[in-house]
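Participant: First, the structure itself, so that you have it in front of you.
The values are calculated or read from the model by the stated rules, or taken from the named source; none is laboratory data. On a predicted model such as this, the values are computed, not experimentally measured, just so you know. Cβ sites come from the backbone with ideal geometry, for glycine too, and all protein chains shown count toward neighbours. Each accessible area value is taken on the protein alone, full model and side chains, heavy atoms only, with ligands, DNA and RNA left out. Shrake-Rupley method; radii C 1.70, N 1.55, O 1.52, S 1.80 Å.
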Amino acid sequence: MFGLRYLTHVVTLELDEQKCNGCRMCVEVCPHAVFEIVEKRAKIIDRDACMECGACAMNCPEGALVVNAGVGCATAVITGAIRGTEPTCDCAADPDCC
Amino acid sequence: MDTPIGKIPRVKARLTSRDWYGSWKVRWAIGRTRYRVPPGLYAVGAPTHESPVLVTANYKMSLDLLRSELAGHDAWIMVLDTKGINVWCAAGKGTFGTAELIDRIDRVRLSDVVSHRNLILPQLGATGVSAHAVEDQSGWRITYGPVRAGDLLAFLRAGRKATPEMRRVRFPLFNRLVLVPTELAVSSKYLLIVAVCFLALSGLGSTGYSVHQIQAVGSRSLLMLLAAYFAGAAVAPVLLPWLPGPAFSLKGAFVGLLAALVIISRDWAGPGIFDNPLEAGSWLLMVPAVASFLTMNYTGSSTYTSLSGVRREMHFAVPAQIGAATIGVVVWVVGRFI
Ligand code: SF4
Ligand code: SF4
């Protein structure tokens with residue numbers, strides 16, 4: 001989509017095509033159309049669109065997907081840094097903010 | 001409504017004005033922001049043992065959205081305990097997750113209510129739920145529905161198939177607009193703290209500390225801070241796709257700089273609001289810095305930023321923001337003594 005693309009070459013998503021059975025689950029759950037099935041195997045067609053939500057890895061029955069999942073939220077990174085933890089989304093005031 | 005396991009509450013598909021008022025308050029962060037409904041099983045219309053079971057979070061707006069789409073249809077809605085948080089955020093935290101789902105199926109005795117073993121989950125719940133794990137552990141099969149509740153009926157009609165478009169998360173103008181009040185409310189706490197500091201420092205001048213100074217310099221400062229606040233928390237988020245750079249901090253800085261330039265440019269035309277060019281200039285650093293910080297925090301509300309991306313962005317943005325703000329404050333104070 002024009003304009004709404006985030007930084008490129010940063011995403012931690014990895015696909016092990018050897019393990020993939022072509023079940024399509026990753027295509028179904030991915031909110032940013034990162035995958036396509038090509039010749040009965042998943043293929044990453046738009047890596048930079050990945051927001052590292054982790055849905056694909058969570059739902060791949062073969063464990064073919066690995067991604068360092070987390071919330072892409074600066075406030076969470078700051079909160080995490082202050083508390084010395086991983087980024088955490090306890091900005092309790094805001095239900096729309098993860 | 002009566003079922004083999006006793007009475008199950010029926011929810012209306014029509015939203016009332018009270019529902020609308022409640023969600024309006026939540027958007028503006030008035031009163032409680034976690035707006036809960038009790039977890040459990042609900043009926044919409046007159047569902048039977050063959051009706052679909054839809055799963056959602058116990059954030060009231062999630063349930064409202066779902067039930068209002070189901071007007072005129074019969075379905076079961078199973079509400080998970082997500083501590084009053086919406087599906088996507090709860091899935092990210094894991095409260096909308098495999099364990100809670102399996103547990104809730106048991107607790108509401110879903111197997112006694114319906115004869116099938118199929119659940120429809122919102123696609124955005126997939127971040128917290130592992131479909132194959134649920135099936136292995138409980139025998140229930142999960143189908144992920146569309147991202148937006150608005151596509152639900154089309155999805156059901158198509159035989160529980162979502163089109164690629166239904167699977168895409170977008171971040172259109174409307175969505176960015178409805179988030180503005182929340183963003184303003186959340187950022188207002190920063191505004192308040194910063195405003196108090198600036199007012200206190202405004203009194204300092206070459207003639208000592210004076211109340212007159214606070215009035216003159218302080219009111220100009222408040223104007224500039226308000227400009228930064230609206231630029232960073234409202235204007236930049238709404239104009240997101242049309243602003244330069246993929247980085248949110250850059251987009252915010254850009255709008256902040258424009259806002260500061262617009263206000264200060266009045267001084268070039270004649271006597272304006274600043275009587276000191278150094279003071280005016282300092283705001284060209286401070287407004288972009290503050291706006292940049294606020295817009296950077298908007299990554300949390302956006303729907304496409306990755307954690308790795310945010311980390312990378314902050315790596316260069318935070319030092320730049322702190323640098324610009326520090327130099328700005330120094331020039332702002334020292335300028336009065338020169
Ligand atoms: S979910 Fe896993 S196994 Fe299924 S298509 Fe995707 S990568 Fe392959
Ligand atoms: S982590 Fe999320 S956005 Fe990235 S590929 Fe997987 S499902 Fe898609």
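Participant: Against the longest principal axis of chain B, how steep is helix B:17-27, in degrees 0 to 90 to the nearest 10, with axes from Cα atoms?
Facilitator: Taking Cα atoms only, the helix is inclined about 50 degrees.
Participant: With viscosity set to 1.306 mPa s at 10 °C, what whole-number translational diffusion coefficient in µm²/s follows for chain B from Stokes-Einstein and a Kirkwood radius over Cα pairs? Mind showing how you got there, number by number?
Facilitator: On the way: Rh = 23.0 Å.
Calculated translational D: 69 µm²/s.
Participant: Report Rg (one decimal) and Dmax (nearest whole number) for region B:151-239, counting Cα atoms only, units Å.
Facilitator: In Å, with Rg to one decimal and Dmax whole: 22.8, 78.
Participant: Write down the Å³ per residue value for the convex hull defined by the alpha carbon atoms of region B:2-167.
Facilitator: Convex hull of Cα atoms, per residue: 113 Å³.
Participant: Give me the accessible area per residue for chain A, probe 1.4 Å, as a whole number in Å². Please list the in-between numbers first.
Facilitator: Details: 4740 Å² over 98 residues.
Per-residue accessible area for chain A comes out at 48 Å².
Participant: Related question: Just to be sure I understand the interface: list residues from region A:18-35 that lose 50 Å² or more of accessible area between the chain on its own and the complete protein assembly, 1.4 Å probe.
Facilitator: A:GLU28, A:PRO31, A:HIS32
Participant: Any chance you could count the Lys pairs in chain B whose alpha carbons are under 15 Å apart, treating pairs 8 or more apart or on different chains as valid? Walk me through the numbers on the way to the answer.
Facilitator: On the way: B:LYS12/B:LYS60; B:LYS25/B:LYS60; B:LYS60/B:LYS83; B:LYS83/B:LYS93.
Close lysine pairs under the 15 Å cut-off: 4.
Participant: Could you work out the equivalent-ellipsoid semi-axes for region B:204-280, taking the square root of 5 times each eigenvalue of the Cα gyration tensor, largest first, in whole Å? Walk me through the intermediate numbers first.
Facilitator: Values: eigenvalues 174, 38, 18 Å².
Gyration-tensor ellipsoid for region B:204-280: 30, 14, 10 Å.
Participant: Would you kindly compute the Cα radius of gyration of region B:245-338 and its largest Cα-Cα separation (Dmax), both in Å?
Facilitator: For region B:245-338, the Cα-based Rg and Dmax read 15.2, 48 Å.
Participant: Write out the trypsin sites (Lys or Arg not before Pro) in region B:95-194 meeting two conditions: DSSP loop, and at most 16 other Cβ atoms within 10 Å of their Cβ.
Facilitator: On the way: sites: B:ARG104, B:ARG107, B:ARG109, B:ARG117, B:ARG141, B:ARG148, B:ARG157, B:ARG160, B:LYS161, B:ARG167, B:ARG168, B:ARG170, B:ARG176, B:LYS189; in loops: B:ARG109, B:ARG117, B:ARG148, B:ARG160, B:LYS161, B:ARG168, B:ARG170.
Passing both the DSSP loop test and the Cβ count: B:ARG109, B:ARG117, B:ARG160, B:LYS161, B:ARG170.
Participant: Just for chain B, what percent of DSSP beta bridges are antiparallel, to the closest 5?
Facilitator: Working: 8 of 21 bridges.
Bridges in chain B are about 40 percent antiparallel.
Participant: Roughly how tilted is helix A:74-83, in degrees to the nearest 10 and between 0 and 90, from the longest Cα axis of chain A?
Facilitator: Taking the Cα atoms of chain A, the angle to A:74-83 is about 60 degrees.
Participant: Note down the accessible area of B:ARG311, probe 1.4 Å, to the nearest 10 Å².
Facilitator: Accessible surface of B:ARG311 is approximately 100 Å².
Participant: To continue, here is another question. Per residue of B:229-236, what is the mean number of Cβ atoms on other protein chains within 10 angstrom of that residue's Cβ?
Facilitator: Values: counts 0, 0, 0, 0, 0, 0, 0, 0.
Mean shielding by partner chains, rounded to a whole number: 0.
Participant: Another one. Apply 1/(1 + (r/R0)^6) to the Cβ-Cβ distance of B:ALA200 and A:GLU14, taking R0 = 56 Å, and write down the FRET efficiency to the nearest 0.05. Each step should come with its number before you reach the end.
Facilitator: Details: r = 52 Å, r/R0 = 0.93.
FRET efficiency, B:ALA200 to A:GLU14: 0.60.
Participant: Based on the alpha carbon coordinates of region A:14-83, what radius of gyration and maximum Cα-Cα distance (Dmax) apply, in Å?
Facilitator: When restricted to the Cα atoms of region A:14-83, Rg and Dmax are 13.7, 47 Å.
Participant: Over region B:289-338, one equal point on each Cα, no solvent: what is log10 I(q)/I(0) by the Debye formula at q = 0.19, 0.30, 0.32 Å⁻¹?
Facilitator: -0.66, -1.09, -1.15
Participant: Same structure again: If you count only protein heavy atoms and use a 1.4 Å probe, how large is the accessible surface of B:CYS197, to the nearest 10 Å²?
Facilitator: 70 Å²
Participant: Near A:LEU13, within a Cβ-to-Cβ distance under 11 Å, what is the net charge of the other residues, with Lys and Arg +1 and Asp and Glu -1?
Facilitator: Here the count lands on -3.
Participant: What whole-number value in cubic angstrom gives the convex hull volume per residue for the C-alpha atoms of the protein assembly as shown?
Facilitator: Details: hull volume 68.4 nm³, N = 436.
Expressed per residue, the convex hull around the Cα atoms of the protein assembly as shown is 157 Å³.
Participant: Would you mind getting the accessible area per residue of region B:2-167, heavy atoms of the protein chains only, 1.4 Å probe, in Å²? Walk me through the numbers on the way to the answer.
Facilitator: Values: 7620 Å² over 166 residues.
Per residue, region B:2-167 has 46 Å² of solvent-accessible surface.
Participant: Hey, another quick one. With every protein chain in place, what's the accessible area of A:ASP48 (1.4 Å probe, Å², nearest 10)?
Facilitator: Surface accessible to solvent at A:ASP48 totals approximately 40 Å².
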